[in-house]
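Chemist: Below are the C-alpha cells for one structure; questions will follow.
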Amino acid sequence: MTHDAQPKASHFIAGDYIEDTEGDPIDVIYSATGETIARLHAATPAIVEKALASAKAAQTDWAAMSGTERGRVLRRAADILRERNRDLSVLETLDTGKPLSETLVADAASGADALEYFGGLAGSLTGEHVQLPGGDFVYTMRRPLGVCVGIGAWNYPTQIACWKAAPALACGNTMVFKPSETTPLCTLKVAEILMEAGAPAGAFNVVQGYGPVGAALTTDARVAKVSLTGSVPTGRKVYAAAAEGIKHVTMELGGKSPILVFDDADVEAAVSGAIVGNFYSSGQICSNGTRVFVQPGIKEAFLKRLTERLGDAVIGDPMDEATTFGPMVSERQLGIVQGYIAKGIEEGARLVTGGRRIDRPGWYLEPTVFADVTDRMTIAREEIFGPVMSVLDFTDEAEGIERANATEFGLAAGVFTRDLARAHRVVGQLDAGSLYINAYNLTPVEAPFGGVKASGVGRENSKEAIHHYSEVRSVYVAVNPAEAPY
Ligand code: NAD
C-alpha cells in the first residue's frame, strides 16, 4: 500500500502554507514500510525571517485581546482536533510509526486537552493587589513574554506542539515552532486548525529544518523564550545559546527513570507499570522507567508475568487497530537501540526476552528485557529511547532510593508497593519531577510535567506552565505625598 502524506508546502507562516525549495530536502519516511511518503524543505534564512517577522507583527494585537477571547480560539481548536481525531491520528501514525491504537487516544486527544485546559485558564489570568502600611499599595500585572520559539522531538509531534502552543497563546504570546526533522507533518495541521479556530495570522507559525534552523530561531533578538523538547546534549546547546540573549527557557529533556517494585507490590499492577513505562510507543518516551529495581521476593514472579504478557503484544501494521506495538521511528534510531542491546549482552546482562530486529519491512525491534543488570552497565546509565527494559535487583528501601537517584537525570520515578506509608516516604526522597505511586507514565494536563537535574528546567501542563509563558510586573502606587530626605 502506498501512502501519500505530502503537505501543501513545508512551512506555515502568517496564516498560510509557504514553500522555498532552496532549502535542504527533508524526506519523510514511513517507518512501518521504509517508503518515502513526503518531501519537504528545511527553512532558508528568508523563511526563518518571514516566520519571526510574522510572529512579531501578530503579537501585540493577540495580547491585546481579552483572555476570554483568546481562550475561545483555543477551545475551538480543541473541538476541531477532536472532530478530526481519526485523520490526525492516521497522520501521526504516518509521521512516527506509532500504532493507530495509540495515536487514536494519545496524540490529538492530548493536544486537544491542552488547548481546552489553557483555553479555559486564559480568561482568569490576573495580577495581584498587595496592600502596604499607610495606604500605599502595589499591584502586579501578568504580561506575555512576546515571541516564543518551540522546538520539538520526534516522538509526539502533535502533543509537543500543543503542549507548547496552548499555554504560550493563552498568555498572549505568539510562537514559531520547529518540529523535529524526522516528523515534520503533524505540526502543520495544528497550525491550520488554530487558524481555522480564529487565531490571527502569525499567532502560530511552523518552520521545518534541522538543528541549524532551531539554532537560528534561538539566537534571534526578537525571541523572548525558547521551549525545547529534546535530548540533554541538545538541551545544553540550546540553553547556552538562549543564555547569551538572557532569554527564558523551558527544557523538556531526556531521562533514565527508575521504577521501584517492592516485595509486597501487586505483581500485575507492577508489570503493567513496567510495560507502559518501557514499551508504549516502542519505548520512545522521555519519562520511561527504564531502570526497574525489583526486590528478590517478587523478582521471579515479576519476570515470569512480564515475559508472558509481552508475548501478548500484537506487533504488526500500525494502521491495523489490533496492533499494539509498532516500529522504531527511523532506521537511525533502530541502529542506536540495537547498539545498546549488543552492549547489554557484551557487558554481561541476562537477556530475558527479545533483543532481535523483526524480519519484516520497516524498523521493527522486539520488546526487550534484560535482568541481572548492574548500575555500572551502559544500558543502566544511558538513555536508550527504545523498547529495552533493564531489571536490577535491590534489597532495601534506603539502597533502592540511593541507587534510583544515582543518575544525572531526574524526569520521572515510580514506586509499586501495597504499603502506602512507604510509598509516600519513598517518593518524597526520589529526585524526579513526575512521581508515581502504583501507576506510571500518566500525564494528565492538570498535573505539572517536567524534570529536575539534567532532565530539564520549567514545567509544562497545569497552572505551572502559565508562569513559564508570562512574567510579572509590579506597580507601586503612592496615595500619600512622595517624600525625600532632603
Ligand atoms: P534531539 O535533541 O536530537 O532534537 C530535538 C530537537 O532539537 C529537534 O527538533 C532538532 O532538530 C533540534 N535541534 C538539534 N540541534 C539544535 C540546536 N543546536 N539548536 C536548536 N535546535 C536544535 O532529540 P530527538 O532525538 O528529536 O528526541 C529524543 C529526545 O527527546 C530524547 O532524549 C527524549 O528523552 C527527549 N524527549 C523529552 C521529552 C520531555 O518532555 N522531557 C519528550 C519527548 C522527548
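The values are calculated or read from the model by the stated rules, or taken from the named source; none is laboratory data. On a predicted model such as this, the values are computed, not experimentally measured, just so you know. Cβ coordinates were reconstructed from backbone atoms using ideal geometry, including for glycine residues, and neighbour counts include every protein chain displayed. Heads up: the accessible areas ignore ligands, DNA and RNA and are worked out on the full protein's heavy atoms, side chains in. Shrake-Rupley method; radii C 1.70, N 1.55, O 1.52, S 1.80 Å.
Chemist: What residue, among those in the stretch 200-219 that are open to solvent by less than 10 Å² (accessible area, probe 1.4 Å) and assigned to a helix (DSSP H, G or I), is nearest to the ligand (Cβ to nearest atom)?
Modeler: The qualifying residue nearest to the ligand (Cβ to nearest atom) is 214.
Chemist: How many residues does the stretch 144-159 contain that are in a strand (DSSP E or B) and away from the ligand (no atom under 15 Å from the Cβ)?
Modeler: The total comes to 2.
Let's see how each residue does on (1) under 20 Å from residue 236 (Cα atoms); (2) open to solvent by 60 Å² or more (accessible area, probe 1.4 Å):
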site	(1), (2)
427	no, no
430	no, no
439	no, no
442	no, yes
445	no, no
451	yes, no
455	yes, no
463	no, yes
467	no, yes
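Chemist: Considering each of 61, 20, 16 in turn, give the residue that is free of Cβ contacts under 8 Å to residues at least 60 places away in the same chain and open to solvent by 30 Å² or more (accessible area, probe 1.4 Å).
Modeler: One residue alone meets the criteria, 20.
Chemist: With the condition kept exactly as written, say whether any residue in the stretch 354-367 is outside any helix (DSSP H, G or I), farther than 24 Å from residue 99 by Cα and open to solvent by 40 Å² or more (accessible area, probe 1.4 Å).
Modeler: Scanning the stretch 354-367, I find no residue that is outside any helix (DSSP H, G or I), farther than 24 Å from residue 99 by Cα and open to solvent by 40 Å² or more (accessible area, probe 1.4 Å), so the answer is no.
Chemist: While we're on this one: So in the stretch 221-246, with the set limited to residues that are of a type outside the set (A, V, I, L, M, F, W, C) and open to solvent by less than 30 Å² (accessible area, probe 1.4 Å), which one is nearest to the ligand (Cβ to nearest atom)?
Modeler: 230
Chemist: Among the listed residues 259, 315, which satisfies the condition of being open to solvent by less than 20 Å² (accessible area, probe 1.4 Å), touching a strand residue (DSSP E or B) at 6+ places or on another chain (Cβ under 6 Å) and closer than 27 Å to residue 99 by Cβ?
Modeler: Exactly one of 259, 315 is open to solvent by less than 20 Å² (accessible area, probe 1.4 Å), touching a strand residue (DSSP E or B) at 6+ places or on another chain (Cβ under 6 Å) and closer than 27 Å to residue 99 by Cβ, namely 259.
Chemist: Residue 75 passes all but one of (1) touching a Leu at 6+ places or on another chain (Cβ under 6 Å); (2) closer than 16 Å to residue 190 by Cβ; which number fails?
Modeler: Tallying (1) touching a Leu at 6+ places or on another chain (Cβ under 6 Å); (2) closer than 16 Å to residue 190 by Cβ, residue 75 fails exactly one: (1).
Chemist: Could you give every pair whose Cβ atoms fall below 9 Å, whose first residue belongs to the stretch 269-290 and is over 22 Å from residue 104 (Cβ atoms), and whose second residue is within 16 Å of the ligand (Cβ to nearest atom) and among the acidic types (Asp, Glu), counting only separations of at least 6 or pairs across chains?
Modeler: What qualifies is 290/383.
Chemist: Let me ask something else about it. Report yes if residue 221 is touching a Pro at 6+ places or on another chain (Cβ under 9 Å) and hydrophobic (A, V, I, L, M, F, W, C), otherwise no.
Modeler: No; evaluated as a whole, the condition is false for this residue.
Chemist: Out of all the residues in the stretch 47-62, is one or more at pLDDT 95 or above and not in a helix (DSSP H, G or I)?
Modeler: The answer is no, given that none of the residues of the stretch 47-62 is at pLDDT 95 or above and not in a helix (DSSP H, G or I).
Chemist: Looking at (1) at pLDDT 95 or above; (2) part of a loop (DSSP other than H, G, I, E, B); (3) surrounded by fewer than 22 Cβ atoms within 10 Å (Cβ to Cβ), can you tell me which one residue 39 breaks?
Modeler: (2)
Chemist: Right, here's the next one. On the given criteria, is residue 407 out of contact with any Leu (no Cβ under 6 Å at 6 or more places or on another chain), open to solvent by 20 Å² or more (accessible area, probe 1.4 Å) and not hydrophobic (A, V, I, L, M, F, W, C)?
Modeler: Yes: the conditions hold for residue 407.
Chemist: Consider residue 186 against the criteria (1) open to solvent by 10 Å² or more (accessible area, probe 1.4 Å); (2) more than 10 Å from the ligand (Cβ to nearest atom); (3) out of contact with any strand residue (DSSP E or B) (no Cβ under 9 Å at 6 or more places or on another chain): it satisfies all of them except one. Which criterion is unmet?
Modeler: Every listed condition holds for residue 186 apart from (1).
Chemist: Which one of the conditions (1) away from the ligand (no atom under 16 Å from the Cβ); (2) under 19 Å from residue 171 (Cα atoms); (3) touching a Cys at 6+ places or on another chain (Cβ under 9 Å) does residue 108 fail to meet, given that it meets all the rest?
Modeler: The failed condition is (2).
Chemist: Regarding residue 348, is this residue at pLDDT 95 or above, more than 14 Å from residue 282 (Cα to Cα), surrounded by fewer than 20 Cβ atoms within 10 Å (Cβ to Cβ) and within 16 Å of the ligand (Cβ to nearest atom)?
Modeler: No.
Chemist: Test residue 56 against the criterion of being among the basic types (Lys, Arg) and in contact with a Ser or Thr (Cβ under 9 Å, 6 or more places away or on another chain), and give yes or no.
Modeler: The answer is yes for residue 56.
Chemist: A further question follows. Restricting the search to the stretch 368-382, which residues are closer than 23 Å to residue 231 by Cβ and open to solvent by less than 40 Å² (accessible area, probe 1.4 Å)?
Modeler: 368, 370, 373, 377, 378, 379, 380
A quick yes/no check of all residues on (1) in a helix (DSSP H, G or I); (2) hydroxyl-bearing (Ser, Thr, Tyr):
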| site | (1), (2) |
| --- | --- |
| 91 | yes, no |
| 120 | yes, no |
| 139 | no, yes |
| 142 | no, no |
| 161 | yes, no |
| 167 | yes, no |
| 177 | no, no |
